[in-house]
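Down below is the structure, laid out as structure tokens.
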Amino acid sequence: MDRVTLDPPWRGHGLAAVLACEAIQRLMAGCRAIACSPGITDISSRRLTDRSEWDRVNAKIAQGGESLGFRLYRDNVYLLSPASQDLEEQRGALRRHLAELGASWRTGAS
């Protein structure tokens with residue numbers, strides 16, 4: 001997985017961590033380490049022109065990775081061991097969160 005972008009209406013609901021967890025589970029067979037460099041990739045909207053807001057959003061993205069078990073290696077590179085239990089422990093909680101989001105969306109769409 002090289003890059004993931006959520007359309008603006010889907011951002012801020014915790015979906016990135018849910019989707020990342022599921023993708024990692026499916027792609028990690030045979031991996032010895034999983035690396036990521038979290039941060040903003042979609043700069044086309046020009047929405048984040050203030051440096052403090054840019055830093056805040058990047059920190060929030062990094063926190064999402066840390067919640068999955070990624071640990072800072074150096075600079076902006078985070079590593080996750082496939083043998084770590086953090087990812088599996090978070091998977092159930094993230095799936096529950098996704099179910100709650102779905103239920104909330106269905107209720108609001110009705």
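The values are calculated or read from the model by the stated rules, or taken from the named source; none is laboratory data. Every value quoted in this text rests on a predicted model; they were computed, and no experiment measured them. Note that each Cβ is placed from the backbone with ideal geometry, even for glycine, and that neighbours are counted across all protein chains shown.
Here is how the numbers come out for the structure above:
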| item | result |
| --- | --- |
| Residue among 92, 69, 64, 102 that is surrounded by 15 or more Cβ atoms within 10 Å (Cβ to Cβ) and on the phi < 0 side of the Ramachandran plot | 64 |
| Residue 62, sole failed condition from (1) touching a helix residue (DSSP H, G or I) at 6+ places or on another chain (Cβ under 9 Å); (2) modelled with pLDDT of 85 or more; (3) under 14 Å from residue 16 (Cα atoms) | (1) |
| Elements of type helices (runs of 4 or more DSSP H) in the chain, at least 2 residues being touching a residue at least 60 places away in the same chain (Cβ under 8 Å) | 15-27, 85-109 |
